[in-house]
Structures are given as C-alpha cells and as structure tokens.
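*Asks:* Take this structure first; my questions come after.
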Amino acid sequence: MLARVLRGPAPVIALIGVAAVVGALHGGFTDLFVYQHGGRVVLDGLSPESRDPVTGLRFTYPPFAAVLMAPLAPLPSWLAAGLWTAASVAALAGVVALVRRVLERPSPGWLVALLTLGAVALEPIWQNLVFGQINTLIMLAVLVDLLRPSRRWSGVLIGIAAGVKLTPLVFVVLLVLVGRRTAAGRAILAFVGTVAIGVAVNPGWSGRYWSHGLVDAGRIGPPALAHNQSVYGALTRLLDARPSILLWLAIAVPLAVAVLGVGVRWWRRGDPLLGTCLAATSMLLASPVSWSHHWVWCAPIALVLWERGRLAAIAWTLVFVARPIIWPGYGEGREYAWTPLDHIVGNAYLLAAVAFVAWAAGSFRQRTADRVSGPGRQKVKLETFPADSRSG
C-alpha cells in the first residue's frame, strides 16, 4: 500500500502543500509585490508609471502581463505568496516529470518530489522562489509546447509566455527552423493576441512600452550587477561602462545564432529536449538582462547532462549550487573593480553555458562521425550527413 502511494502523485502533492505553507509564512517576495501592483494598475486604473508602495519598484513587463496578474491584486500578501510558491513548485515538478518522460526514465511520485526538492538547492531556483518570480511557470509552458507536439494547440503557450516576457520569442524561431511552422504560426498569433489585449486595456501604456525602452537594460536594474549573467552584463563589467548597442549586438547575436544552430541540429537528429535546452541557453546569452533567477533552465539541463555524462552533470550542478558569481563581491559598483580572475569567477553561469554549448557541439560532431563511419568505411565530413538537412 505504501509503495503504491509513493509511486503515485501523493508525494508531489504533499511537496506542493508544504511549499504553499512555507510561502505563506515567509511572504515578503519582492517581485510578487510588484506583480500584485501590476494587477492593481489594471483593476484600479493606476498610472503605469506608479510604483509599488511596498518595494518602490515599477511594473516593467508588457501590459498583457499586468492583466494576468489582476487576480493576485485583491489577495492579502500572505495568501498570494502561498499560492504563488505552490504554483512555482508545481511547475518545477512538472518540468522534472516531463523531462524524465522524454528521457524515457521512470518517474514515480517519490522520485519527482525528491528531484524537485533537490532542484531548490540550485541558486536560480531558490532565487526564483524567494523573489516570487514567474520563471518556472514560463519554463513549463515552453517545454509542454515543444516536447508535446501532438497537442492540438501546440505553440499557443509559447506565444502567451512571450507576451509576459519577450525572451521566449526565441522558441518561435526554433519552431520555424525545425519545420514546425504551424505551431510557430500559432505562437505568433497568440503573441499578437497578447499585444492586442494590452492595447485594449491601456492604449497609452502599450504605446509607450512598445515604442521605448525594450533594449534599455537599465530600466529593470543595473546591468553591471553580478547577477546579470548575460553577454551584455559581462561586457558592462569588463568595460566598466555599458557597451554600445552595436557592440553588444555584434557579439551577442552571432553567439546566440550559433548556439541556436547547435540546438536545431540536435533537434533534427531526434533530440528535441537537448535542442530546447540549447535554445534556452541562446536566449539567456542574448538577452540584455539575464538575472540569476532567469537561469532556472539549469535544472532541466542538469537532468539532460546526467543521462550523457555524470561528471559533466555534477560539474554543472555544482556551479549553480555554489553561486560563484557573487564571490568577487557585488553591488554598489564593486563589479567595476574586478580583477581578471574575478571576471572569470563572476561570470561563472555565462562560462558554464559556453562550456555546455561546446560540449553539445562536440558531441554532435562525434556522434555524426560514429554514425557515418564503420568497419572498412571512411569517415565523411559532418556537413554531408543527411540529417543536417532534415526538417525533423
């Protein structure tokens, strides 16, 4: 009887319940306060430029996101915190279960709960929880759309996610490149729908949002802060000033395109999970701001790496548990005084991502060589392998 209970959903449900209680008792989640304020902007007609009275911060997401946050606005902070934490942990458990299923590994309830709890040790995950961020929910929406293509409305969740945070638009590009153009079309239509909803709710706010500040990293915090593990953040720290838009684009765009290209190749080879993780990596590298809590994708990447190389998975996990990005000192401009060694340590997430991409590219080349060569056969170049031109 006990074994049957442990194999079922009960352990995961219990974990979600505990998360709700802990969230309600802890409360004080900075970004959740801002989300509630965004909801009040919609419900109470407040100025979009107004600041949350608790944190002093403005709501910086697209207007559509504020519409989604409206149900949170009337709730007392403790109840909102409890529900939001439960939803975030439930989404994380969903990610674990979905990734395990794609990897064709057993996913009894007790193991999903254990892995979910273990994932909380990863700095991006617990940062997401203590800030009351939305990233695990967005990650689950993207993975469901990409890894369960048989769904009738596949692509819509990605479009909605992009309407909340623009960066998931990279997954629309992924859909196009791997030949899933119908799903990509649905994603685009859904995204356009979110923009239309925002315009209908507050035309003035929408006009200002879409015409100004989309590439201004400073509008949501100092880009030099160590927690900004993006190419733009690394350049800002290295140059002791914000780089020009042209310099940032000249470095970030080719790098992101190359990473996405590796992901497309793996997808066409029959590994959409690894392809999706690489697309997420390109998103994190290219975005002007990738706060450490945006790096929740480190959890599914760790599961993927575990199936392919234990040492790589352990090394990857240790980076995100140890949180080396803050070791050199951070905040109040300390990043501008970093030494060369500090830059290496302080950009650990960024460098770990580059290493992950290099591993994926090298593994692809090796697998291609293994597949096209055999006893008495000469290896042929990677570019001639037919799988590279399939639409998958």
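Where a number appears in this text, it was derived from the coordinates with a stated rule and is not lab data. Given the structure is predicted, the values throughout are model-derived calculations rather than measurements. Please note: Cβ atoms are built from the backbone with ideal geometry, for glycine as well, and neighbour counts cover all protein chains shown.
*Asks:* Can you give the charge dipole size of the chain about its Cα centre, rounded to the nearest 20 debye, using +1 on the beta carbon of Lys and Arg and -1 on the beta carbon of Asp and Glu? The partial results should precede the final answer.
*Replies:* On the way: 33 positive and 17 negative charges, 315 e Å.
Roughly 1520 debye, rounded to the nearest 20.
*Asks:* Which residue, Arg152, Arg40, Arg186, tops the fluctuation ranking in a GNM of the chain built on C-alpha contacts under 10 Å?
*Replies:* Arg152
*Asks:* For the chain, take the longest principal axis of its alpha carbons; what is the angle in degrees between that and the long axis of helix 10-26, to the nearest 10 within 0 to 90?
*Replies:* Roughly 40 degrees, rounded to the nearest 10.
*Asks:* Could you tell me which residue out of Pro76, Val173, Ala196 lies farthest along the dipole of the chain toward its positive end? Charges go on the beta carbon: Lys and Arg +1, Asp and Glu -1, centred on the Cα centre.
*Replies:* Val173
*Asks:* Let me ask something else about it. Using just the helices of the chain, give the 222 nm mean residue ellipticity in deg cm²/dmol: DSSP H runs with n ≥ 4 each add -39,500 (n - 2.57), and the total is spread over all residues, rounded to 500. The partial results should precede the final answer.
*Replies:* Numbers: 19 runs with 256 residues, N = 392.
Result for the chain: -21000 deg cm²/dmol, rounded to the nearest 500.
*Asks:* Against the longest principal axis of the chain, how steep is helix 181-201, in degrees 0 to 90 to the nearest 10, with axes from Cα atoms?
*Replies:* 10
*Asks:* Between segment 47-79 and segment 259-306, what is the C-alpha centre distance in whole Å?
*Replies:* Computed from Cα coordinates, the inter-centre distance equals 30 Å.
*Asks:* Then there's this: What angle do you read, to the nearest 10 degrees and between 0 and 90, between the alpha-carbon axis of helix 135-147 and the longest principal axis of the chain?
*Replies:* On a 0 to 90 degree scale, this one is about 40.
*Asks:* For P(r) over Cα pairs in 20 Å bins from 0, in percent, several values are listed as (i) 26, 60, 14, 1; (ii) 27, 56, 17, 0; (iii) 25, 50, 23, 2; flag the one computed from this structure.
*Replies:* Correct label is (i).
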